[in-house]
1. Expressed as a whole number of Å, what is the distance separating the alpha-carbon centroids of the stretch 178-224 and the stretch 1-50?
2. Please report, in debye to the nearest 20, how large the charge dipole of the chain is about its Cα centre when each Lys and Arg carries +1 at its beta carbon and each Asp and Glu carries -1 there.
3. Ordering SER216, SER153 by accessible area with a probe of 1.4 Å, largest first, what comes out?
4. What does the highest-first list of 188-194, 176-182, 240-246, 29-35 look like by mean Cβ count within 10 Å?
5. Find the all-direction average of the projected area of the Cα convex hull for the chain, expressing the result in square nanometres with one decimal place.
6. Rolling a 1.4 angstrom probe over the protein heavy atoms, how many square angstrom per residue are accessible across the stretch 83-190?
7. Per the 1.4 Å probe, what fraction of the accessible area of the chain, in percent, lies on carbon and sulfur atoms?
8. Suppose each label sits 7 Å from its Cα in the direction of the beta carbon; what would the SER164-ALA118 distance come out to in nanometres?
Amino acid sequence: MIHNMELYQVFYITAKAGSLSKAAEELFVTQPAVTHSIKQLEAKLGGQLFVRTARGVTLTTEGRELFTYIEQAYHFIQNGERIITEMHQLTHGEVRIGAGDTLCKHFLLPHLKQFHEAFPKIKIQVTNRTTTETIALLKEGKIDLGIVNLPYSDSQITIQESVSIQDCFLAGDMYKHLAEKPIPLEQLLEQPLILLEKGSSTRAYLDHFAQQNGLSIKPEIELGSVDLLIEFARNGFGIACATKEFVSQELLDGALYEIQLTTPLPARKVGIVTLKSTLLSASANHLFETLKGIHTR
């Protein structure tokens, strides 16, 4: 098994370098040794992995497929090495987090600031993605934990519920007359709606809510940012949907008006997701426990 692992290492380094000679230099072996290892692996797998070119080597179709899995394995190996290094002290290390723009700004950032002040030597990497993309990064071993909107279900991940959030419909002065009393969903859907694009968990949640009430949502404008939704609503383009807790100041200032429904949107929760098959590093686990405990305070 160790011998096979060495063959895969030679394959991975060669694929990354695009050159047999450069791979040999990085591995501190001779170029014939690299060539021999690749031939052994090709014989074991029953197919050609590289094609020689004037500039070096490129992967075949089979080689590219294998590289995808080997690269993921390297990410997991790096995770394991990092966990051992950080096991006893939080003086070095890294926490890699995936989160959408809105959750990052309004939920994660305040707590991340406290974490950074307490452990300034821990490197923090934040990747902004949708819930679906965050889950994909988690499965690839590229982030340690993700902050997502619930509900979400996946057998490969562990979901820890955190704070409850309440979505609401918002508008500027042009539609403030609709905020005088709760209105039916049917009446709301007759107005120009400004919603997030399909593919986000929030949009899927709204579509599901409408379907449960025997209706469908057809927005006038679809955007990729909640901040843009709010600006478009404030400027009279229609009615947007956002998390009430994240626009509380705008509501207090009278810049936006909440349009209530006779059948309100159900509350939902923020979720902290981790991969079931992977142990968190000491620093990532400390942040996870902090975020997990927020809803109990």
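1. For the stretch 1-50 versus the stretch 178-224, the Cα centre distance is 54 Å.
2. Roughly 780 debye, rounded to the nearest 20.
3. SER153, SER216
4. By packing density, highest mean first, the sequence is 240-246, 188-194, 29-35, 176-182.
5. About 20.8 nm², averaged over all directions.
6. So the stretch 83-190 comes to 52 Å² accessible per residue, rounded to a whole number.
7. Roughly 53 percent, rounded to a whole number.
8. 2.6
The values are calculated or read from the model by the stated rules, or taken from the named source; none is laboratory data. The shown structure was predicted, so the numbers you read here are calculated from the model rather than taken from an experiment. Cβ coordinates were reconstructed from backbone atoms using ideal geometry, including for glycine residues, and neighbour counts include every protein chain displayed. Just the protein is used for accessible areas: all its heavy atoms, side chains included, with ligands, DNA and RNA removed. Shrake-Rupley method; radii C 1.70, N 1.55, O 1.52, S 1.80 Å.
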